[in-house]
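One structure below.
The values are calculated or read from the model by the stated rules, or taken from the named source; none is laboratory data. The structure presented is a predicted model; accordingly, all values stated were derived computationally and were not measured. Cβ sites come from the backbone with ideal geometry, for glycine too, and all protein chains shown count toward neighbours.
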Amino acid sequence: MPRIERTADITWSGNLARGEGKISGGSGAMQLLPFTLATRIGNPEGKTSPEELIAAAVGSCFAMSLAGELTKAGSPPQLLSVDSTCVVDEVDGSHVVTEVQLNVHARVPGLDDAGFQRIAREAEAGCTMARLARGSATVTLSASLEQ
């Protein structure tokens, strides 16, 4: 795979407690996504957060990794549904991403559960964003195969 570079533009106005930021992706796929401290640590109220973006990044990367591994094994998936959760906690007085939880439910004709579990673990181990998250976090995986 060639080197990949993607960009995001972020602006912030005001102090931390009452300020507001906007995130736009260089691709144009996301534009002016609002975020604030209040909605980051409380009710999201339709605004995003770095943690939500991490959950989305790890979950979508894992879905692609799993689809690739299943296809390579001769069992391309009909459907993969991934729920991803980013957990931040206080560790030694600092806030740290401590866990990313991946829950996948899959429809893969012709594959038994043992094979699916093995391939799902391989896909998680090779997932670029999960590897990045493992710098400070534990990545947990729960995988279920529709029979």
Please go through segment 1-49 and give me each residue that is free of Cβ contacts under 8 Å to residues at least 24 places away in the same chain, of a type in the set (Val, Ile, Thr) and not in a loop (DSSP other than H, G, I, E, B), ordered by number. Ile10, Thr11, Thr39, Ile41
Search result, residues across segment 1-48 that are among the β-branched types (Val, Ile, Thr) and either within 18 Å of Val88 (Cβ to Cβ) or under 20 Å from the mean Cα position of the chain (by Cα) (or both): Ile4, Thr7, Ile10, Ile23, Thr36, Thr39, Ile41, Thr48
If Val108 meets every condition in (1) more than 19 Å from the chain's Cα centre (by Cα); (2) surrounded by fewer than 15 Cβ atoms within 10 Å (Cβ to Cβ); (3) modelled with pLDDT of 95 or more; (4) hydrophobic (A, V, I, L, M, F, W, C) apart from one, which number is that one? (2)
Please give the number of the condition Ser27 fails out of (1) over 19 Å from Arg6 (Cβ atoms); (2) exposed (fewer than 14 other Cβ atoms within 10 Å of the Cβ). (1)
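Each row is one residue, and each column tells you yes or no for (1) loosely packed, with under 14 Cβ neighbours inside 10 Å; (2) of a type in the set (Ser, Thr, Tyr); (3) within 30 Å of Leu145 (Cα to Cα).
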| site | (1), (2), (3) |
| --- | --- |
| Thr11 | yes, yes, no |
| Gly14 | yes, no, no |
| Ile41 | yes, no, no |
| Val58 | no, no, yes |
| Ala67 | no, no, yes |
| Thr71 | yes, yes, yes |
| Val88 | no, no, yes |
| Val91 | yes, no, no |
Looking only at residues that are closer than 20 Å to Pro50 by Cα and part of a loop (DSSP other than H, G, I, E, B) in segment 111-147, which one is modelled with the highest pLDDT? Cys127
